[in-house]
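All remarks here apply to the structure that follows.
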Amino acid sequence: MNPRRKKRLTLAIALIGGVAAIASLLLYALNSNLNLFFTPTEIVQGKKDTGVMPEIGQRIRVGGMVTVGSMIRDPNSLHVEFAVHDAAGGEIIVTYDDLLPDLFREGQGIVAQGVLIESGKLEATEVLAKHDENYMPPEVAEAMGKSHEKLDYNEEQKSGGY
């Protein structure tokens, strides 16, 4: 083989190998930062269509309603535990070690993001509560079987919103 062609072939192979290595590192980084949304029932039983269940140690988001009477606060720290359920009857325990949002209450819809530490128990790094009585995150509304509708301007004015 001609030395010039050999040099070009070596360069082309090295370039293809470099692009493949960069693509695989990029996909690995994107996969490790992926947050999948689950309902409490899907965490316990798996997703309906695929049967996929989250793995222990996986970062996920969970949406549902805070079970009334389930909140346990540690009087010496910010640690709190509460149960989250959905319309299908699934329930998981969420632990959180920070200040809860002002609108957080039992019986309200929330979305918690964190790491699944054991089957049916999530260690949350962030808890989001709905911001008024008419709004629910679309994922939670779908999981709870409610229609997600946006208020029109006149209804917001009547309720004191801006």
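The values are calculated or read from the model by the stated rules, or taken from the named source; none is laboratory data. Computed from a predicted model, the values in this text were never measured in an experiment. Cβ: placed from backbone, ideal geometry, glycine included. Neighbour counts: every protein chain shown. Note: areas computed on protein heavy atoms with side chains; ligands, DNA, RNA excluded. Shrake-Rupley method; radii C 1.70, N 1.55, O 1.52, S 1.80 Å.
Counting only other residues whose beta carbon sits under 15 Å from that of Glu91, what net charge do I get with K and R as +1, D and E as -1?
Details: positive: Lys121; negative: Glu42, Glu81, Asp86, Glu106, Glu118.
Summing Lys and Arg as +1 and Asp and Glu as -1 gives -4.
Out of the total accessible area of region 1-109 (probe 1.4 Å, heavy atoms of protein only), what percent is carbon and sulfur?
Answer for region 1-109: carbon and sulfur cover 60 percent of the accessible area.
Can you give me the long-range amide H partners of Phe37? Hydrogens built in the peptide plane at 1.01 Å from N, cutoff under 5 Å, separation of 5 or more residues or another chain.
Long-range HN contacts for Phe37: Arg61.
Please compute the per residue accessible area over region 1-71 with all protein chains in place, 1.4 Å probe, rounded to a whole number of Å².
On the way: 5330 Å² over 71 residues.
Value returned for region 1-71: 75 Å² of accessible area per residue.
In nm², what is the average projected area of the convex hull enclosing the Cα atoms of region 16-67? Please list the in-between numbers first.
Numbers: hull surface 20.1 nm².
For region 16-67, averaging the hull's shadow over all directions gives 5.0 nm².
Which cross-chain or sequence-distant (5 or more) residues have an amide H under 5 Å from the amide H of Ser70, H modelled 1.01 Å from N in plane?
Distant-sequence amide H within range of Ser70: Ala83.
Over 16 Å apart: what share of the alpha carbon pairs of region 57-130 falls there, rounded to a whole percent? If you can, show how the numbers build up before the last one.
On the way: 1134 of 2701 pairs.
Here the long-distance tail beyond 16 Å is 42 percent of all Cα pairs in region 57-130.
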